[in-house]
Amino acid sequence: MRVAVCGLGRMGRAFAGALVADGHDVTGWNRTPRAVEGVRTAATAAEAVRGAEAVVVMVFDGPAAESVLSGLEGVLSGGALAPGALVVNATTLSPDESRALAAGAARAGARYVEAPVLGSVPAVRSGTVQVLLGGTEQDVAAAEPVLHAWSYAGTRRHVGPVGSASALKLAANLTLGAAVAGLHDAVRLGEHLGLRRADVLDVVQRGVLGRLVEGKRTRLDDEDYTGADFTLGALAKDLALAVGQCGDALPVTAAARRLVEEAAVANGELDIAGLGASGVREKNPPSSDESR
């Protein structure tokens, strides 16, 4: 299948590599040019999608997705995308943002599926990503060959129409934000009471936050939060989207958002495990890599 990938940040590069490994013919585009082995590089998004049967969009947020799709030399500009081609948007968005993008794609004669994922770069590489899908049954079925590349050993859940998968992704990431904030407070309490950090992590790892601590334990022990699987900046954005849906009805999420945003202002490119760190701001200078 001929596929274009627009957005070659950490996840986009992983998606593109998985598509190549699965036998697809892949062209890629990124705002800042990047090379991915086996992927042809295009100068614009419009150039990348010429002749493509499907387009994967994986960027940081709603405004970035709007720019990639509808901006100057974007995916939907000037008839670059063939009528009936499929847009698979894996960006984490608000439901309203996703519905608006779907409407724009429909006006341009394209089909649209929202496909946010649960899992980061290692899960893409192992094919264990969980994909949440919003769209018609026909369009979701058409996306199957593309999605299989990074979720062949994972799951693909069709939630409902466009907007529903985005909503479920926000609910999932809300729980991650609360868990990371809980890890932060547990470590800080231990420091305040004079406990060894390793003892705190050992005990917390055996509790309700066990999966999070186990997955991040090497980073936490080494206190190295560079080369993020999931950045503080991305989590801050997702928590802001969640709070924006309900406001005062999500007091725990609102508190977690403030904590994550403060850390993201210092260095949004660090891994979310950095909230369980000691002196993370000093130990890890800002990364030059983009989150898009």
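Only one of (1) open to solvent by 40 Å² or more (accessible area, probe 1.4 Å); (2) assigned to a helix (DSSP H, G or I); (3) within 30 Å of ALA4 (Cα to Cα) is not met by VAL146, so which one is it?
(1)
Within segment 16-39, does at least one residue satisfy the condition of being of a type in the set (Ser, Thr, Tyr), over 24 Å from THR231 (Cβ atoms) and not in a helix (DSSP H, G or I)?
Within segment 16-39, the subset of a type in the set (Ser, Thr, Tyr) is 27, 32.
After this cut, where a residue has to be over 24 Å from THR231 (Cβ atoms) as well, the list is 27.
Next, only the ones that are not in a helix (DSSP H, G or I) stay: 27.
Checking segment 16-39: at least one residue is of a type in the set (Ser, Thr, Tyr), over 24 Å from THR231 (Cβ atoms) and not in a helix (DSSP H, G or I).
Taking interchain pairs and intrachain pairs at least six residues apart, which have beta carbon atoms under 7 angstrom, with the first residue in segment 61-74 and farther than 16 Å from GLU114 by Cβ and the second hydroxyl-bearing (Ser, Thr, Tyr)?
What qualifies is GLU73/THR44; GLY74/SER67.
So, of the residues in segment 118-132 that are touching a residue at least 60 places away in the same chain (Cβ under 8 Å) and outside any helix (DSSP H, G or I), which turns out to be surrounded by the fewest Cβ atoms within 10 Å (Cβ to Cβ)? Give the derivation first.
First, the residues of segment 118-132 that are touching a residue at least 60 places away in the same chain (Cβ under 8 Å): 120-122, 124-125, 127.
Filter once more, keeping what is outside any helix (DSSP H, G or I): 120, 127.
Working: SER120: 20, GLY127: 17.
Of everything passing the filter in segment 118-132, GLY127 is surrounded by the fewest Cβ atoms within 10 Å (Cβ to Cβ).
Which of the residues belonging to segment 75-103 are in contact with an Asp or Glu (Cβ under 7 Å, 6 or more places away or on another chain) and either surrounded by fewer than 22 Cβ atoms within 10 Å (Cβ to Cβ) or farther than 19 Å from ASP238 by Cβ (or both)?
Hits for segment 75-103 are ALA85, LEU86.
Tell me, please, whether a residue that is buried (at least 17 other Cβ atoms within 10 Å of the Cβ), modelled with pLDDT of 95 or more and among the acidic types (Asp, Glu) can be found in segment 133-142.
Within segment 133-142, the first condition is being buried (at least 17 other Cβ atoms within 10 Å of the Cβ), and the residues that meet it are 133-135, 139-140, 142.
From the residues that got through so far, the ones that are modelled with pLDDT of 95 or more too are 133-135, 139-140, 142.
Then drop every residue that is not among the acidic types (Asp, Glu), which leaves 139.
Among the residues of segment 133-142, at least one is buried (at least 17 other Cβ atoms within 10 Å of the Cβ), modelled with pLDDT of 95 or more and among the acidic types (Asp, Glu), which makes the answer yes.
The values are calculated or read from the model by the stated rules, or taken from the named source; none is laboratory data. Owing to the predicted nature of the structure, the values given are computational and were not obtained by experimental measurement. Neighbour counts run over all protein chains shown; Cβ positions are idealised from the backbone, glycine included. Accessible surface is based on the protein model in full, side chains and every heavy atom, while ligands, DNA and RNA are left aside. Shrake-Rupley method; radii C 1.70, N 1.55, O 1.52, S 1.80 Å.
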